[in-house]
Amino acid sequence: MHLPAGMPLATRFNEIKFENLIANATQGSVQAIAQLATLASDHACLPSQYERMIKVAYLLLDAMHIPYGENPSVHDVEAPCAALTFIGSTFFIWISDDKMASGLIADLLSHWGGIRRWILYIYDEFIQVESFVINTRRDCKTAIVTFLALTRDRMLSGWSKKVVADAKIMPLIFALWNLETTDARFSSHTGQFNAYRESVVLNSCFLISHEMQSPIDWDKALLPFDGQPDIASRIALMHLSQEMARQYLDPECIAWDVHIVTALSFRDDMRRALLNLGAIVKITHVIHLIVGRSFDQANLTYAARCISNASLFLRIRMQESDGNPWMSEAIRSDLIKGLLKSERYLPFMDNDKARDALSDILHMIIPAYTVYRSLLLPIAKAVDEIMDLGLDKQLDKRGKLYAGWFMYRHAITITVEKPCRQVRSSGVGDVSTRITAANRVNGMTGGEENTKHTVPEFKNVLLGLSEI
């Protein structure tokens with residue numbers, strides 16, 4: 001190596017150190033690869049240096065180095081896993097450089113074939129093999145997830161589309177998600193912010209599939225669940241439940257888990273399974289969980305996304321022709337209280353559609369169900385409870401949520417009082433003006449319904465996945 005004679009000593013030392021790191025990383029030194037990842041994330045790193053680093057990573061992930069037919073050894077995958085982690089944790093930084101983006105993306109696409117084969121090999125020969133120690137298996141899983149988390153970067157949508165359409169990689173993604181859910185030893189929860197989680201990858205794949213019209217091969221994708229949609233649905237709710245039960249919440253992961261449940265619910269078979277498994281109650285509890293916690297500034301956006309994703313799911317599913325039992329579950333789970341307590345998160349939501357979902361449920365979705373006598377009582381009772389607690393007085397009277405609440409309360413009051421006026425006009429007794437709405441409804445319904453009602457009509461169409 002020849003360095004310019006006039007180069008300052010400190011610069012000469014840094015250059016020598018960098019060259020040594022490159023040489024050691026090329027020989028498969030995990031420590032050297034980790035140090036290069038640290039350097040690549042530093043603003044002092046030069047574009048030319050990163051280009052050399054990424055070439056080393058691709059060299060280590062060349063499919064010609066996969067030891068097919070040999071007894072798998074941990075030593076065989078240490079460097080490839082480190083290379084996967086290096087790319088996954090640094091690539092998104094450098095493609096934001098306009099001068100480098102096109103070249104880096106082209107190189108990733110050209111090397112994807114070899115990387116794909118390494119991922120499949122690591123999964124088959126290490127993650128699934130119980131004879132290896134759990135730390136090795138978990139580290140292998142983490143490396144794959146870290147790399148595949150690049151699917152969340154919109155600049156890589158061309159590559160991400162290939163991932164979603166891959167009949168082997170998508171089942172692997174589902175399998176890793178299933179593994180984390182059913183075996184706590186593989187959990188990626190750290191108690192701190194972690195952008196490299198299974199839910200991030202799976203959620204990104206659903207978004208790419210919808211936005212780029214890249215269909216998922218569901219026959220293959222459901223293989224980790226024995227091909228049964230109801231098992232996949234149960235795993236989705238189980239993963240969400242586990243995240244909700246943690247002492248230190250990861251609101252980003254919870255938001256993505258809610259979105260995953262929503263995405264699965266667009267399949268008829270999974271929607272039925274999810275609803276029968278209590279998805280309405282579980283998603284309603286997400287809202288209560290978030291409004292009952294405090295979050296630092298860095299997590300407020302993700303906390304708000306939990307609420308907006310939950311509200312959008314509830315709006316979609318309760319807007320269907322068979323939504324009567326699901327509305328009943330939501331009301332009895334105190335959905336209305338949760339919505340009104342969510343106002344402080346509205347400014348942190350992603351867009352107007354997300355913010356509107358809360359008020360839409362109040363003034364449009366719920367009132368439509370008052371045509372059912374069995375629902376009118378709990379809906380009216382919820383109004384009284386809200387007013388008794390004074391939650392409505394805490395709302396910003398200039399905000400949409402207050403407007404939604406005002407329209408909701410007005411609609412329920414009109415619906416409840418109409419039968420009472422009919423009773424008075426017929427001369428059958430007198431009704432005290434002080435009696436609560438819930439009591440008035442209770443006196444009016446009198447038990448079993450014998451009146452046939454039509455399905456509630458809604459003025460807006462069902463939401464698409466892209467709005468969530």
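Numerical summary
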| quantity | calculated |
| --- | --- |
| Relative contact order [Cα under 8 Å, 6+ residues apart], segment 226-355, whole percent | 28 percent |
| Exposure rule at most 10 other beta-carbon atoms within 10 Å, DSSP loop GluC sites (Glu not before Pro): the chain longest free segment | 131-447 |
| Potential lengthening between residue 293 and residue 228 on full extension [0.36 nm per residue; Cα-Cα distance subtracted] | 19.8 nm |
| Cleavage-rule hits, chymotrypsin sites (Phe, Trp or Tyr not before Pro), segment 25-124, DSSP coil, Cβ neighbours within 10 Å at most 16 | 68 |
| Positive-end residue, the chain charge dipole about Cα centroid, Cβ charges, pick of 142, 357, 85 | 357 |
| Positive-end extreme of charge dipole, segment 1-140 - chosen from 112, 27, 44 (charges on Cβ) | 44 |
| Low-density loop positions, trypsin sites (Lys or Arg not before Pro), segment 226-289 - DSSP coil, at most 14 other Cβ in 10 Å | 246 |
| Segment 281-354: translational diffusion in µm²/s, Stokes-Einstein, Kirkwood Rh over Cα pairs, 20 °C, 1.002 mPa s | 170 µm²/s |
| Carbon and sulfur %, accessible surface of the chain computed with the full protein complex present, 1.4 Å | 52 percent |
| Relative contact order (%) - criterion: Cα under 8 Å, at least six apart; region: segment 20-115 | 33 percent |
| R0 of 51 Å, Cβ-Cβ distance residue 185-residue 23: FRET efficiency to nearest 0.05 | 0.90 |
| Shape of segment 18-118, Cα gyration tensor, a/c cut at 1.5 | oblate |
| Relative contact order (%) - the chain, alpha-carbon pairs under 8 angstrom, separation at least six | 10 percent |
| C-alpha center-to-center spacing [segment 291-340, segment 13-34] in angstrom | 50 Å |
| Spatial separation of Cα centroids for segment 63-79 and segment 130-190, in angstrom | 19 Å |
| Crossing angle, helix 251-264 versus the chain [Cα axis fit, 0-90 degrees, rounded to tens] | 70 degrees |
| Segment residue 124-residue 414, extension gain: residue separation times 0.36 nm, minus the distance between their alpha carbons | 98.1 nm |
| Between helix 30-40 and the chain: long-axis angle, C-alpha atoms, 0 to 90°, nearest 10 | 70 degrees |
| Calculated [θ] (222 nm, deg cm²/dmol) that DSSP helices of n ≥ 4 give over the chain, each run adding -39,500 (n - 2.57) | -20000 deg cm²/dmol |
| Extension gain, residue 269 back to residue 99 (0.36 nm per residue minus Cα-Cα distance, nm) | 56.5 nm |
| Cross-link pairs 341/397; 161/220; 17/99; 99/161; 282/393; 337/381 - those with Cα-Cα distance over 20 Å | 17/99; 99/161; 282/393 |
| Between helix 279-291 and the chain: long-axis angle, C-alpha atoms, 0 to 90°, nearest 10 | 80 degrees |
| Per residue accessible area in Å² of the chain, where ligands, DNA and RNA are left out and the probe is 1.4 Å | 47 Å² |
| Residues of segment 269-289 with amide N under 17 Å of the 7 Å Cα→Cβ point at residue 389 | 281-289 |
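The values are calculated or read from the model by the stated rules, or taken from the named source; none is laboratory data. What you see is a predicted model; the values in this text were computed from it and never measured. As a convention, Cβ positions derive from the backbone with ideal geometry for all residues, glycine included, and neighbour counts pool all protein chains shown. In case anyone asks, the SASA skips ligands and DNA or RNA and just uses the protein heavy atoms, side chains included. Shrake-Rupley method; radii C 1.70, N 1.55, O 1.52, S 1.80 Å.
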